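Just below is one structure, and these are the notes that go with it.
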Amino acid sequence: MTAAHLPVMLNEAVAALVPAEANVIVDATFGGGGHTRRILEELGPEGKLVGIDRDPDAARRAADIQDQRFAFRPGAYDGVLWEMVEDGERVDAILFDLGLSSYQVDETDRGFSYVREGPLDMRMDPGSGISAADYLNTVDEAELARVLSGYGDVSRGEARRVAREISRRRPLSTTLDLTDAVRAALGWVERGGNPAKRVFQAVRVHVNDEVGSLRRALEAAERLLAPGGRLVAITFHSGEDRAVKRFISDREGRCVCPPELPVCVCGARPVFRRGSVMRPSEREMGENPRSASARLRVAIRTSEPADVGRDEG
């Protein structure tokens, strides 16, 4: 039975979006629809809300929302946001709630759970890309160790041990095949949780190109947001948080001219102004342990024009 999904930092995220009378808001990660439903409660009658998700199950959940202000666009959020840019659309706020929903974790056929047996898939869109099993059964050991370390915050030594054990046990076909390989390589840690959690996270992030997709989506957001528009991102692991933090920092337009110069000559121009950074309350972390690693970052779009064209990558 699937547990109800609890949106992380729901009140903080919606408040940061500042939904007003006629705003156009994008929920780039519709998921279970929790943020979307709350935004619609706050949005005025002339407002519009676009929900995006590549998960076919999310599209089915979105169909339950009968509200003329809401439109759902299926697909990967980076691709859909760039389509909106190319169509000349402008929006007032964009929300990214990154990571998995409880619906995805609890559906064993999706392969996201490291405690329940299912096919080793992990694709957000099961109809495209390669599965986790295909990846793990063919990837080079050194490359796999790099992915585990970079996307799962697994230490380099542990990453090498896990990669070696996975290579030794190939072919892997189920989620518990991977969990058993991690257990054999690292043993059981009494404190700090099941080490398979970080390994599954790293494989999922790589299989779905989550960090690359996020970077491309943020570049689209820079062009989509109207002056004064708000970017709100909730992250759950260091890789995606670094991507959001670096994106904002790179666009703050800090002057690098020598202090003795009377005027700026380096051409610095802020495209975003850094907003608040928040963590879940102690109460929320107690009620929803999944929220413990979350960070919410806000940035406000300035009136400076974005660079022309679509960045490749």
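In table form, for the structure just shown:
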read-out	value
Test: residue in the range 239-249 that is in the same structural domain as residue 14 (by TED's automatic domain parsing), of a type in the set (Val, Ile, Thr) and without any contact (Cβ under 8 Å) to a residue 40 or more places away in the chain	no
Yes/no for residue 129 being in a loop (DSSP other than H, G, I, E, B), within 22 Å of the chain's Cα centre (by Cα), not hydroxyl-bearing (Ser, Thr, Tyr) and not assigned by TED's automatic domain parsing to the domain that holds residue 288	yes
Selection within the range 251-298 - out of contact with any helix residue (DSSP H, G or I) (no Cβ under 7 Å at 6 or more places or on another chain), of a type outside the set (Gly, Ala, Ser), closer than 29 Å to residue 225 by Cα and not in a loop (DSSP other than H, G, I, E, B)	273, 277
Index of the failed condition, residue 148 passing every other in (1) touching a residue at least 40 places away in the same chain (Cβ under 8 Å); (2) more than 25 Å from residue 249 (Cβ to Cβ); (3) surrounded by fewer than 17 Cβ atoms within 10 Å (Cβ to Cβ)	(3)
Qualifying position, being in contact with a strand residue (DSSP E or B) (Cβ under 8 Å, 6 or more places away or on another chain), of a type in the set (D, E, K, R) and in contact (Cβ under 8 Å) with a residue 40 or more places away in the chain, among 55, 27	27
Residues of the range 11-34 that turn out to be at pLDDT 95 or above, outside any loop (DSSP other than H, G, I, E, B) and within 16 Å of the chain's Cα centre (by Cα), as a count	3
Residue 281 being surrounded by 16 or more Cβ atoms within 10 Å (Cβ to Cβ), hydroxyl-bearing (Ser, Thr, Tyr) and either modelled with pLDDT under 90 or over 25 Å from residue 82 (Cα atoms) (or both)	no
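Every residue, every condition in (1) in a helix (DSSP H, G or I); (2) free of Cβ contacts under 8 Å to residues at least 40 places away in the same chain; (3) among the hydrophobic types (A, V, I, L, M, F, W, C), yes or no:
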residue: 66; (1), (2), (3): no, yes, no
residue: 88; (1), (2), (3): no, yes, no
residue: 96; (1), (2), (3): no, no, yes
residue: 123; (1), (2), (3): no, no, no
residue: 135; (1), (2), (3): yes, no, no
residue: 159; (1), (2), (3): yes, yes, yes
residue: 164; (1), (2), (3): yes, yes, no
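To keep it simple, each residue is scored yes or no on (1) more than 19 Å from residue 146 (Cα to Cα); (2) surrounded by fewer than 15 Cβ atoms within 10 Å (Cβ to Cβ); (3) free of Cβ contacts under 8 Å to residues at least 60 places away in the same chain.
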{"residue": "177", "(1), (2), (3)": "yes, no, yes"}
{"residue": "180", "(1), (2), (3)": "yes, no, yes"}
{"residue": "185", "(1), (2), (3)": "no, no, yes"}
{"residue": "195", "(1), (2), (3)": "no, no, yes"}
{"residue": "205", "(1), (2), (3)": "no, no, yes"}
{"residue": "210", "(1), (2), (3)": "no, no, no"}
{"residue": "215", "(1), (2), (3)": "yes, no, no"}
{"residue": "220", "(1), (2), (3)": "yes, no, no"}
{"residue": "229", "(1), (2), (3)": "yes, no, no"}
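The values are calculated or read from the model by the stated rules, or taken from the named source; none is laboratory data. Just so we're clear, the structure is a prediction, and the values are computed from it rather than from any experiment. FYI the Cβ positions are ideal-geometry reconstructions off the backbone, even for glycines, and counts take in every protein chain you see.
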